[in-house]
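A.B. asks: Right, I'll just put the structure down here and ask away after.
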Amino acid sequence: MSAKSKSKPKKAAKTKPKVTKAKRAAKAAPPVQKARKEKKEAEQKPATQKTAMPARVELGPPPAAVVAARHVDSLRERKGRGFSFGELSSAGVSLETARRQSLSLDVRRRSVVEGNVQMLKAWLEAPPRKQATG
């Protein structure tokens, strides 16, 4: 027989014992840490209640923007893709309000058409319609 044929049994690899969740939960924090935690919680300001976003006011269908279209003999007005940033800011409408009210926005346009600004102001100042409950 050769030396290779005699093999020693392999030793099992040492592994850490698994800690179950129940054992982890059973471990309590030392009293010093509890005291620190309670002191820290007492020093913190009480959480202020978050104000809810105002509900969407039904103002009727949003107006459509109007832009000037070039024709051979003159400029004609046509329906636009949406309002420009300048028109919204001139009318006093923030971008967030415009999104909430489903106003269309044309990011490519840079012009400010005074008629669109007046239309937006009139639409926003209109008395809100009450939503049908049912």
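Every number here is computed from the coordinates shown, using simple stated rules; none is lab data. Just so it is clear, the model here is predicted, and its values are computed rather than measured. No Cβ is skipped: glycine too gets one built from the backbone with ideal geometry, and neighbour counts run over all protein chains shown.
A.B. asks: Could you run the Debye sum over the Cα atoms of the range 55-117, one equal point scatterer each and no solvent, and tell me log10 of I(q)/I(0) at q = 0.25, 0.30 Å⁻¹, two decimals?
C.D. replies: -1.09, -1.40
A.B. asks: 7 Å from Cα along Cα→Cβ at both Leu95 and His71: what's the point-to-point distance in nm?
C.D. replies: Label at Leu95, label at His71, 3.6 nm between them.
A.B. asks: Short version: ³J(HN,Hα) in whole Hz for each residue of the range 91-103, in order, from phi by Karplus 6.51 cos²θ - 1.76 cosθ + 1.60 (θ = phi - 60°), x for Gly and Pro, what are they?
C.D. replies: Values, residue by residue: 7, x, 10, 6, 5, 5, 5, 4, 5, 5, 8, 6, 7 Hz.
A.B. asks: At what distance in nm do the modelled label points of Ala126 and Lys34 sit from each other, each positioned 7 Å from its Cα along Cα→Cβ?
C.D. replies: 6.4
A.B. asks: Modelled label-to-label distance, Lys14 and Glu43, 7 Å Cα→beta-carbon offset: nm?
C.D. replies: Distance between label points: 4.3 nm.
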